[in-house]
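Some notes on the structure that comes next.
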Amino acid sequence: MKIVAAYLLAVLGGNTHPSVEDINAILGSVGIEVEDERIELLLSQVKGRDLAEVIASGREKMASISSVGSAIPVAAGGGGAASAAVAAEPVKEDKKEDEEESEDEMCFSLFD
């Protein structure tokens, strides 16, 4: 991910075709050293592709591998009925049980 981030920084900074040296310079500025082969691998995979195309392709791949991402907006309040059902459930807390359990775990009571 560090290499991808450095590549994106270079492209967003105006360097449309960053080289291995450019990416190494970005990473080196924050004390990160990586193997040139890993940078070359990334550059070979994005060669000749537009940054917007690469990002769109990545979004499609991420959407196809995980259904957890769709649950996050629901929990954050963007899910309509589903978030209302979650919000309607009362949170049950038994503080007395927690206190008893903690005393049992410590094997003594502070007030004995």
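General observations
- Per atom type, the range 1-72 shows carbon and sulfur on 58% of its accessible surface, probed at 1.4 Å.
- Full-stretch length increase - V4, R59 - with 0.36 nm per residue and alpha-carbon distance subtracted: 18.3 nm
- Neighbour net charge for I3 - beta-carbon separation under 12 angstrom, K R +1, D E -1: -4
- Average accessible area per residue (Å²) across the range 1-54 - probe 1.4 Å, nucleic acids and ligands excluded: 69
The values are calculated or read from the model by the stated rules, or taken from the named source; none is laboratory data. In this text the structure is predicted, and so the values were computed from the model without any measurement. Because the Cβ atoms are built from the backbone with ideal geometry, glycine has one as well, and the counts that use them run over all protein chains shown. In case anyone asks, the SASA skips ligands and DNA or RNA and just uses the protein heavy atoms, side chains included. Shrake-Rupley method; radii C 1.70, N 1.55, O 1.52, S 1.80 Å.
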